[in-house]
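For reference, the structure discussed in these notes is given below.
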Amino acid sequence: MTLQASGPISLSEIQTEFAGSNPIAISEYYGVDTPVPSSGEISMSDFYGTSAGGEVTMEATYTITSIKTVPTNAKILYNTDGSIDQNKAGITTDLGIWWSASPETGIGSDYEIRASIVSGTVSSGTTGSWLALSLQRSWNRLSGAEGVFESVTLTIEIRDVATSTVQDTTTVTLNASDDV
């Protein structure tokens, strides 16, 4: 889990995050994460917001298209373990990851996600607000009429809770249409 962004950090917290040996020496943690220096002077504040785990990483774009009989849906789901699923016409499958060390139970509690509409409208899912990834988050586009093509394009951002720093951004397009 990511160390806090401010306040006191103890050597035992650093050891818990990055492992190490006893007795604990700050020098054994040179270069363990950015911005901890790899040589020279090192201070406890260098460890603010650092983590031994993976990193937030997403593909540049995701497009989910569902063409079925009415009604149909195209849905993207960001899971608390760092994985991403897609749902097309009620069938959920793996799409990828947002956390490079996925699956990692509980990693979502360190991050928040925000979906902003670029074009179209969502049928479900909160947009424009930061949401805790300690819960699964999803956005959906439904098509409920014959011959109608429905689409929404979203910008998805994931940020670190401790630092409020955006870690990665992607574009998601959800397309739903019947097969008429």
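Just so it is clear, none of the values below were taken in a lab; they were calculated from the coordinates. These numbers come from a predicted model, not from an experiment. All Cβ positions, glycine included, derive from the backbone under ideal geometry; neighbour counts span all protein chains shown.
Rounded to the nearest 500 deg cm²/dmol, what is the calculated helix-only ellipticity per residue at 222 nm for the chain, with -39500 (n - 2.57) per DSSP H run of length n ≥ 4? Write out the running numbers ahead of the final one.
Working: 1 runs with 8 residues, N = 180.
Value at 222 nm, helices only, nearest 500: -1000 deg cm²/dmol.
Would you mind pulling out the separation of the Cα centroids of region 66-85 and region 94-120, in Å? A separation of 14 Å, based on Cα centres. Grab the beta carbon distance between ILE42 and ASP85, set R0 = 30 Å, and tell me the FRET efficiency rounded to 0.05. E between ILE42 and ASP85, to the nearest 0.05, is 0.15. Principal axis extents of the C-alpha atoms in the chain (largest first, rounded to whole Å): 70, 25, 23. The HN-Hα couplings worked out from phi for region 140-154 by the Karplus form 6.51 cos²θ - 1.76 cosθ + 1.60 (θ = phi - 60°) are 9, 10, 9, 10, x, 9, 4, x, 9, 9, 10, 8, 9, 10, 10 Hz, whole numbers, x standing for Gly and Pro.
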